[in-house]
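Undergrad: Before we start, here is the structure in question, set down as structure tokens.
The values are calculated or read from the model by the stated rules, or taken from the named source; none is laboratory data. Everything numeric here is computed off the predicted structure, so don't read it as measured data. Positions of Cβ are generated from backbone atoms using ideal geometry, with glycine treated the same way; all protein chains shown enter the neighbour counts. These area figures cover heavy atoms from the full protein model, side chains too; ligands, DNA and RNA do not enter into them. Shrake-Rupley method; radii C 1.70, N 1.55, O 1.52, S 1.80 Å.
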Amino acid sequence: MDTVVLDHLRTWIGNSRSDEDVISVRQARLMAATVDYAPEEIRDGKPLPPLWHWIYFLEGLPTDALGRDGHPARGGFLPPVPLSNRMWAGGRVSFLRAIPLGITMRKVSRILGVEHKQGRAGDLVFVTVEHELISLSGEVYVREEHDIVYKAATPFAPAPPPTCREPAGRWMSTCTPTSTTLFRYSALTFNGHRIHYDSDYCREVEGYPNLVIHGPLNATLLANFAEQASGGRVREFHYRGLSPAILGETMTLHADLRGASVVLRIELASGAVCMRAEAQIG
């Protein structure tokens, strides 16, 4: 990538914005229905499950402020990276305090970095964003770093199956997200990215064979599975997307306890891993 372009993109470092929202029970109940979470756990004062804060603080821009991909047009809060495909690459989340349902919170976001790397298929640009969720009294409840990757559109190549499959986790669970799952999660997060609902766009513009399962949905499933497997609360959660999961694929969640950590992965039917994560349990 041209150094002049990269230097321009880096002028976005330090860019910040803030928002305020109610961590409403109603929204959490809709999320519980989407991921088949026990509805009796969703009521005022109960802790919000890990990574469900992603369904709050939603940005709603008018249609003429959106880009071709359905996301907000580039060059606002995020830098105008000149590569067509945009995805969640991974992140690191610290849950400093449990978020009680029903409270009002403030979210502060800041661009931490813009980095260029060379991938197998060409240029990659990683934008790292810091988010903090803060109570109105000033206490930080969640601090996270979110990595967004940009790349040029290329024909989709599924991750090759491993030469030797990894041992099954001590805990395992399978799920096959449907188009309804993707619709519901897109609606809950007000995510207009067309790779999750427009199959023609997936094939003709971004090179995927079908709809793409949301990376943050995969991470949320793993974080919830970590709590189910350990019986504790997730205090730290690190996750990294390795390969997109496509609609119709069955995903197997694996979890193993290692001291106070839960090591997790999502494996596809071929044995390829689409996401890895590690959770620290408090």
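Undergrad: Filter the range 1-42 down to residues that are among the β-branched types (V, I, T), in a loop (DSSP other than H, G, I, E, B) and loosely packed, with under 15 Cβ neighbours inside 10 Å, then give me how many there are. Quick ask: steps written out before the conclusion?
TA: First, the residues of the range 1-42 that are among the β-branched types (V, I, T): 3-5, 11, 13, 22-23, 25, 34-35, 42.
Filter once more, keeping what is in a loop (DSSP other than H, G, I, E, B): 13, 23, 42.
Checking which are loosely packed, with under 15 Cβ neighbours inside 10 Å leaves us with 13.
Selection size over the range 1-42: 1.
Undergrad: If you don't mind, there's one more thing I want to ask. Taking the conditions exactly as written (open to solvent by 10 Å² or more (accessible area, probe 1.4 Å) and in contact with a helix residue (DSSP H, G or I) (Cβ under 6 Å, 6 or more places away or on another chain)), does T189 satisfy them or not? Lay out the reasoning, then the answer.
TA: On the way: open to solvent by 10 Å² or more (accessible area, probe 1.4 Å): yes; in contact with a helix residue (DSSP H, G or I) (Cβ under 6 Å, 6 or more places away or on another chain): yes.
So T189 passes the test.
Undergrad: Is the range 70-79 home to any residue that is open to solvent by less than 30 Å² (accessible area, probe 1.4 Å) and more than 22 Å from K107 (Cα to Cα)?
TA: There is at least one residue in the range 70-79 that is open to solvent by less than 30 Å² (accessible area, probe 1.4 Å) and more than 22 Å from K107 (Cα to Cα).
Undergrad: Sticking with this structure for a sec: State which residue is most open to solvent (accessible area, probe 1.4 Å) when the search covers only the range 192-218 and only residues that are hydroxyl-bearing (S, T, Y) and outside any helix (DSSP H, G or I).
TA: Our first condition is that a residue be hydroxyl-bearing (S, T, Y); within the range 192-218, this holds for 197, 199, 201, 208.
Narrowing the set further to residues that are outside any helix (DSSP H, G or I) leaves 197, 208.
Values: Y197: 124, Y208: 7 Å².
Of everything passing the filter in the range 192-218, Y197 is most open to solvent (accessible area, probe 1.4 Å).
Undergrad: Here's another thing I want to ask about it. Looking only at the range 244-277, which residues are closer than 14 Å to V212 by Cα, buried (at least 17 other Cβ atoms within 10 Å of the Cβ) and either out of contact with any helix residue (DSSP H, G or I) (no Cβ under 6 Å at 6 or more places or on another chain) or hydroxyl-bearing (S, T, Y) (or both)?
TA: Of everything in the range 244-277, those that are closer than 14 Å to V212 by Cα, buried (at least 17 other Cβ atoms within 10 Å of the Cβ) and either out of contact with any helix residue (DSSP H, G or I) (no Cβ under 6 Å at 6 or more places or on another chain) or hydroxyl-bearing (S, T, Y) (or both) turn out to be P244, A245, I246, L247, E249, M251, L268, C274.
Undergrad: So in the range 113-143, with the set limited to residues that are surrounded by fewer than 16 Cβ atoms within 10 Å (Cβ to Cβ) and among the hydrophobic types (A, V, I, L, M, F, W, C), which one is farthest from R26 (Cα to Cα)?
TA: The qualifying residue farthest from R26 (Cα to Cα) is A121.
Undergrad: While we're on this one: Mind checking which residues of the range 43-55 are crowded, with 20+ Cβ neighbours inside 10 Å and touching a helix residue (DSSP H, G or I) at 6+ places or on another chain (Cβ under 7 Å)? Please lay out each step first, then the result.
TA: At the first step, the residues of the range 43-55 found to be crowded, with 20+ Cβ neighbours inside 10 Å are 48-55.
Listed by number, the residues that qualify are L48, P49, P50, L51, W52, W54, I55.
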